[in-house]
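Working notes for the structure below.
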Amino acid sequence: MSEPEAAEQRETAVTSDAIDSPLLVVDGLRKEFGGVVAVDGATFSVAEGSLTGLIGPNGAGKSTTFNCITGIHEPTGGRVTFDGQDITGLAPYTLANRGLVRTFQIARELSDMTVLENVMLAPGGQVGESVVRSVTPGLRGDVVKAEADVRDRAWETLEFFEIDHLAHENAGNLSGGQRKLLEMARVLMTDPEMILLDEPLAGVNPTLEEKLLERIHELRREQGLTFLLVEHDMDVIMNNCEHIIVMHQGGVLAEGDAETITSDERVLEAYLGGDV
Amino acid sequence: MGIAEFARDGRVVMGDRPGAAVVAAVSGFLLLDLVAKLAGTTVFFLGTRLLGGSLTVGSLLSMVVDGLLVGLAVGLAGIGLSMTYSILDFANFAHGDTVTVGAFLGWVAAYITAGLGTGAPIAELFMLNSGRQLSTVSTFAPVLLGLVVAGVGSIGIVLLIDRLTYRPMRDTDNISLLIASIGVALALRYLIAFVFGTQTSGVASGGLRVTVFSMISVTDNEITLLVVSLLLMLGVHLLLQRTKLGKAMRAMADNEDLARVTGIPTERVIRLTWILGGGLAGVGGYLLVLESGTISFNFGWILLLLIFAAVIVGGIGSIYGAMAGGILIGLVDSLALIWLPSGLTRASAFLVLIVVLLLRPSGIFGGVSTA
Amino acid sequence: MSTVDTVRDRLDALPDVGLVVGFIASIWAVMLVLAIAVGGANWANLAAGFIGSVTVLIGGYAILALALNLQWGYTGLFNIGIAGFMAVGAYTTAVLTAPTDPAAGAVPGLGLPLWVGLIGGMVMAAIVGGLAALPALRLKADYLAIVTVAFSEIIRLVVNWSGLAEFSLFGVPVGTGGATGISFKSANDVAATLINGVGQPLVTAAEGVGVSGPNLANLTYGILLLLVVAGSYWVLARITNSPFGRVLKAIREDETVTQSLGKDTRQFKIKTFMIGCALMGLAGVLFRGQAGYISPQQFRPTITFYVFAALIIGGSGSNTGSIVGAATFSGLLFYLPARLGENVSLGGTRAPGNIVDAVAGFASLDPLPLLAYTISNVSTLRFVLIGVVLIYIIQNQPDGLLGHRNEPATSVSLDRPQSGSGGEADE
Amino acid sequence: MSQRATESETVTLPDPAERLLAIRDLDAGYGDLQVLSDVHMDVADGEYVVIVGPNGAGKSTVMKSVFGLTTYMGGDVIFDGTDISRRNPDEIIYEGISYVPQTGNVFGSLSVRENLEMGAYILDEVPEDRIEEVYERFPILRERSDQSAGTLSGGQQQMLAMGRALMLDPDLLLLDEPSAGLAPDLVDDMFDRIDRINDDGTAILMVEQNAKEALRRCDRGYVLVQGQNRYEDEGTVLLNDEQVRQDFLGG
């Protein structure tokens, strides 16, 4: 394919509501396991402050893409840029400290720690994470003071997600839905700019689902957070995401708003198992 | 899962190229040095000895034979450790003491039968301290009987231990099982001490010395160890390759969930694992005593780390790896004497263990059947 | 199970210091009763001896259990090379403090003051621990276990090696003494000096009731060790009850999650490993080197497993549990059975010399010989008991006596702040 | 128009005794997470039934529940007149059901032939005639007979997994996404082979992501959405139903 042709293709792939200020840019991402190509040149971007959906049939490469962006896997090729900086292959903790955090498909609560401990763990760069400061008399004063602030914020966050009544409970004793709320509360405590949500609603009952979505919208509105959402429930995606990316066979098949996606015959075919 | 595993392995190997290079360089140097030593030449560099020295082919050969013999017994004992690791999924720290138990049961049986009619008091015979030294040639039947008792007895003991300790814990994590096995190890070891005391008894010495190729000299007891170990290894091989239950064992080590949906009776496979592993450990212990001549309550425990080394070097979970790893570790343990003072040869075997775990956790022979 | 539960319920009701003090005091009481029962007129001296020895054991195992609790209980690092790190600390201290002009046949050292030696030992243990941790921490738990135990055996074999028995370090003669071991400034002597100096009236009083000087010094040493335990506890409590400790707990639960929340878990693990090893090094010299002498024999892997037993009995994950476990293990499982075996006799029945003769009594329906044999060998059987207790606990009560307790890792009260936020209203 | 599940509930379901497999009001999941609620399904003797639906609908969970691999929470699974809803997999295999999981479905370190032998573990003797039949069905397996299964390609492993499941000549074969991970040109071949297995009389219950192809070939299909029955009808009817198609994208 000649240069201009390729450029043109890229043009058309991105739909009319082109992204003016992308926060996250994934460019030609590729991931192989052994000889199997799981992600094959996926290219898309997520606008700052948006709620973007990432969907696709099983095996489309959504999870691997997610894992490559968040540093769980090292990509075989391609580039990931966050906030204008190249973050390809950086360790998860570096990403989190730069404001890019994720939740897990199956909620991964720290089950033998209390809900409050779970949430208080999250804030970055806590002074008390230094052994010397924690132990030395005199210096510990700063730790205690910072800790009180973290605690107060933790309580507020738990109240925001309405799980404050569970604060002293071991996280392992929570129900599936409550764990999802806890995970959201926890990533929020890291003071992120962008949150990647891996099926946040799987196994969550409708009432709780409503609550979670409401919180997500509120966080966007009031704190300008950006969300990228992988979700199986199409209704949720169609009704909540202003921008949707469809993956198929490791690449991006289509992009656009809900209407564009639902009327795209190729997307339907991909979901029915046809060759696209 | 298979794919992820593969990818991770790949990454590990990539990251460890420098480590592998160092290992290759060191091995190359040692080999060169060995050749120089055998040739009797010494290379000096800036006034210090770089390599070389002197070593006779005869002493090298006898070191090889020593290492081979110990390695065979260690490998035999290692098979069981490897099997419990792959099928029950935990590192069994009581395995060394199973080796001791088997050895004691076998030797008591051999000693008593050999001593009957000699007028020695039964207590002395039972306590293995009549001072008599058995050998394959002079007391063939008792030595053979002891071998059988060592195997059968340790099978009985491990089955009992499994029933009491591990079976109620089938679904627990592997660290809890490991800790339980530490408890079993303590209990077994000191029960033996309670019954037999803590002294070291000399019970066997070669009755016949054969010289092969006019350079290697071996005793009848050592030949017994060689023959029995090889036969048993062949037996294990046939069992795993030819019998239905043996194949089921390999299947379960491979993929326990699939084994279950295929209708393989997992509890029976576990029982066979203990029977094979326990029996071989007991026989291995019995043969080691036959070769070294002495027995004491904690010799298996001291041996455990060497057995672990054998199993890990061979690739934990792989039965053939355990056999090969045993021989390799036996040789390292013995040949290290060429370069190291005698107090440090054992350390070199442990060093090999650590290096393998860090650089190639799947073992040198790379998980023929993986857990 | 129910007995353990009742014990646990009662333990829960006590505050931590009271719990620990009460526990140790009851063990002392048991020793006192034993001394009175078997000691006759000599009971006071016997009691001082018993209590002194058991206190030294409790102190030693408590420091070790606390260190292991930081590594394993908090962070999930399965280190079974404790003996090796103890050896590093003990040998470093020994080499630093052994006299430069030793008695004939002994090994010379650098002759530095004891406190320099202790700090040096801890630093060296931490460094060696850190070096061991660098590559090993990426291994899964059971592989880490095997690497650490192999590492500790290598350390023991190296100090045991005759080649290092005496050598020259930058021209200064030093050495490990090889298999014979090395003598150095005795920590016990410090206790003795203390006692004979400021404590002179105490010594006189003790001698008045028949307590011998060495027994009193031993008891004093035990109490000094308990002070070290208290200090270690204080430091560890501050480490664990802080955001640092919170990260450690999180690593134990799920390292990936901890990383994705912005924590560089590798750094935390290495630091933790070093701190724990430093403490193990300290215990190595204070506990094993009490008498100013160490040898490779004292650092066999077995001691590692005793520390595990102590921690598991107490409850891994709890600092208070570590001490309670150490006290239970060393007092009731390790020390008491041995003393009972020595001091209990069955009237006229002499213990047979071996088990065959003991069992032979059964032929004439006489169980006494076997019983006598059992009692006289109880110091062997106690290890069987330790093994069985370990199995029982891991099967039925994996949290131990106190591991189920929630000791939140924070430096402040976690109650909902009273002022400020008005709850849901402002959301 | 396909039958909506809600309507079909007013229509009486077939008598379980007349069906090879009858699932009634099944609730199941994993641990405390419920995935299926009130699921019903039927497979007649020799029938070829396919379960399709969007991601996360619980299709595989139905299959695992039949084979006793999930947490049972209510309802009945009746096979050949016997309630097997609370049985373990090692008992169910004796009833005449074989299951081919989606991943990890061969013993990698065993040879191809040994894999087949393991499939007949519960029989007293290795049924040479069955092995022969499997080899005839999948000739490539005969060629690779002594090779270890781990060295086979993805498609060959899938055939081996099916061959292993056929060793007991089951009345019902459960297939979990047999086309997953196969190169596109192999997918058709795989479906052809499944057709032939069914033609030879084995009833099939299959979960498939590739809904188009699966519905085209099966006798009947079920559409599952969010752990519940949504539609059921002949495959081709479902395939051409606009409503069903839209369901895959939510609706």
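For segment A:116-135, which positions are at the interface with chain C (Cβ under 9 Å from one of its Cβ atoms) and farther than 14 Å from A:ALA154 by Cα?
A:GLY125, A:VAL127, A:GLY128, A:GLU129, A:SER130, A:VAL131, A:ARG133, A:SER134, A:VAL135
Might you let me know whether segment C:199-216 holds any residue that is away from every other protein chain (no Cβ under 14 Å), at negative phi, of a type outside the set (Ser, Thr, Tyr) and within 22 Å of the chain's Cα centre (by Cα)?
Scanning segment C:199-216 turns up at least one residue that is away from every other protein chain (no Cβ under 14 Å), at negative phi, of a type outside the set (Ser, Thr, Tyr) and within 22 Å of the chain's Cα centre (by Cα).
Working only within segment B:206-245, note down all residues that are over 21 Å from the mean Cα position of the chain (by Cα) and small (Gly, Ala, Ser).
Listed by number, the residues that qualify are B:GLY206, B:GLY207, B:SER214, B:SER217.
Within segment A:92-129, which residues are surrounded by fewer than 18 Cβ atoms within 10 Å (Cβ to Cβ) and among the small types (Gly, Ala, Ser)?
Correct list: A:SER111, A:GLY125.
Here are some conditions: (1) under 26 Å from D:VAL207 (Cβ atoms); (2) touching a residue at least 24 places away in the same chain (Cβ under 8 Å). A:LEU225 meets all but one. Which one does it not meet?
Result: A:LEU225 fails condition (1) only.
Listed here are the residues, each with its yes/no results for (1) farther than 25 Å from D:GLU213 by Cα; (2) modelled with pLDDT under 85; (3) away from every other protein chain (no Cβ under 14 Å).
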position	(1), (2), (3)
D:PRO16	yes, yes, yes
D:LEU26	yes, no, yes
D:ASP32	yes, yes, no
D:ASP45	no, no, yes
D:VAL50	no, no, no
D:LYS59	no, no, no
D:VAL62	no, no, yes
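Residues are listed down the side, and each one gets a yes or a no for (1) among the aliphatic types (A, V, I, L, M); (2) closer than 25 Å to C:GLU153 by Cα; (3) surrounded by fewer than 19 Cβ atoms within 10 Å (Cβ to Cβ):
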| site | (1), (2), (3) |
| --- | --- |
| C:GLY276 | no, yes, no |
| C:MET280 | yes, yes, no |
| C:ARG300 | no, yes, yes |
| C:LEU332 | yes, no, yes |
| C:LEU340 | yes, no, yes |
| C:SER345 | no, no, yes |
| C:ASP357 | no, no, yes |
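What number of residues in segment C:151-177 are assigned to a helix (DSSP H, G or I) and at pLDDT below 90?
3
Scan segment D:57-102 residue by residue and report those that are surrounded by fewer than 17 Cβ atoms within 10 Å (Cβ to Cβ), hydroxyl-bearing (Ser, Thr, Tyr) and more than 24 Å from B:GLY246 (Cα to Cα).
Listed by number, the residues that qualify are D:THR71, D:TYR72, D:THR82.
For every residue, the table says whether it meets (1) within 21 Å of A:PRO22 (Cα to Cα); (2) modelled with pLDDT under 90; (3) touching a strand residue (DSSP E or B) at 6+ places or on another chain (Cβ under 7 Å).
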residue	(1), (2), (3)
A:SER45	yes, no, yes
A:SER50	yes, no, yes
A:PRO57	no, yes, yes
A:ALA60	no, yes, yes
A:THR65	yes, no, yes
A:THR76	no, no, yes
A:ASP86	yes, no, yes
A:LEU90	yes, no, no
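Tell me which residues, restricted to segment C:219-277, are in contact (Cβ under 8 Å) with a residue 24 or more places away in the chain, closer than 30 Å to A:GLY99 by Cβ, among the hydroxyl-bearing types (Ser, Thr, Tyr) and assigned to a helix (DSSP H, G or I).
The answer is C:THR240, C:THR272.
Filter segment B:117-156 down to the residues that are away from chain C (no Cβ under 14 Å), surrounded by fewer than 20 Cβ atoms within 10 Å (Cβ to Cβ), of a type outside the set (Gly, Ala, Ser) and under 21 Å from C:ILE355 (Cα atoms) and list them by number.
Residue satisfying the conditions is B:ARG132 alone.
Do any helices (runs of 4 or more DSSP H) entirely within segment B:57-130 hold 3 or more residues that are over 22 Å from the mean Cα position of the chain (by Cα) and in contact (Cβ under 8 Å) with a residue 24 or more places away in the chain, and if so, which?
Fully inside segment B:57-130 and qualifying: B:57-87, B:95-115.
From (1) more than 7 Å from every other protein chain (Cβ to nearest Cβ); (2) surrounded by 17 or more Cβ atoms within 10 Å (Cβ to Cβ); (3) assigned to a loop (DSSP other than H, G, I, E, B), pick out the condition that doesn't hold for C:ASP366.
The failed condition is (2).
One line per residue, one yes/no per condition, for (1) at the interface with chain A (Cβ under 9 Å from one of its Cβ atoms); (2) surrounded by fewer than 21 Cβ atoms within 10 Å (Cβ to Cβ); (3) of a type in the set (A, V, I, L, M, F, W, C); (4) out of contact with any strand residue (DSSP E or B) (no Cβ under 6 Å at 6 or more places or on another chain):
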position: D:LEU173; (1), (2), (3), (4): no, no, yes, no
position: D:PRO184; (1), (2), (3), (4): yes, yes, no, yes
position: D:ASP188; (1), (2), (3), (4): no, yes, no, yes
position: D:MET206; (1), (2), (3), (4): no, no, yes, no
position: D:LYS212; (1), (2), (3), (4): yes, yes, no, yes
position: D:ASP219; (1), (2), (3), (4): no, yes, no, no
position: D:VAL223; (1), (2), (3), (4): no, no, yes, no
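Just give me the residues in segment D:116-130 being more than 8 Å from chain B (Cβ to nearest Cβ), assigned to a helix (DSSP H, G or I) and crowded, with 18+ Cβ neighbours inside 10 Å, in sequence order.
Within segment D:116-130, D:LEU116, D:ARG130 meet the criteria.
For B:LEU145, all conditions in the list (1) closer than 18 Å to B:THR224 by Cβ; (2) of a type outside the set (S, T, N, Q); (3) assigned to a loop (DSSP other than H, G, I, E, B) hold save one; what is the number of the exception?
With respect to (1) closer than 18 Å to B:THR224 by Cβ; (2) of a type outside the set (S, T, N, Q); (3) assigned to a loop (DSSP other than H, G, I, E, B), B:LEU145 is out only on (3).
Against the conditions (1) part of a loop (DSSP other than H, G, I, E, B); (2) in contact with a Gly (Cβ under 7 Å, 6 or more places away or on another chain), where does D:VAL134 fall short? Just the number, please.
For D:VAL134, the exception is condition (1).
Looking only at helices (runs of 4 or more DSSP H) that fall completely inside segment A:194-276, which ones have 3 or more residues that are at pLDDT below 90 and in contact with a Pro (Cβ under 6 Å, 6 or more places away or on another chain)?
Ranges flagged: none.
Do we have any residue at all in segment A:160-178 that's surrounded by fewer than 18 Cβ atoms within 10 Å (Cβ to Cβ), within 14 Å of chain D (Cβ to nearest Cβ), of a type in the set (Gly, Ala, Ser) and part of a helix (DSSP H, G or I)?
Yes - at least one qualifying residue is present in segment A:160-178.
Here are some residues: B:ILE319, B:ILE312. Which one is facing another protein chain (nearest Cβ under 9 Å) and either crowded, with 21+ Cβ neighbours inside 10 Å or touching a Cys at 6+ places or on another chain (Cβ under 6 Å) (or both)?
Within the list B:ILE319, B:ILE312, the selection yields B:ILE312.
Name every residue in segment B:126-137 that is touching a helix residue (DSSP H, G or I) at 6+ places or on another chain (Cβ under 7 Å) and under 12 Å from B:PHE196 (Cβ atoms), in order of residue number.
Across segment B:126-137, the qualifying residues are B:PHE126, B:MET127, B:LEU128.
Being in a helix (DSSP H, G or I) and of a type outside the set (S, T, N, Q) is true for just one of A:GLY128, A:GLY124. Which residue is that?
Matching residue, one of A:GLY128, A:GLY124: A:GLY128.
The values are calculated or read from the model by the stated rules, or taken from the named source; none is laboratory data. Small disclaimer: the values here were computed from a predicted structure and weren't measured. Note that each Cβ is placed from the backbone with ideal geometry, even for glycine, and that neighbours are counted across all protein chains shown.
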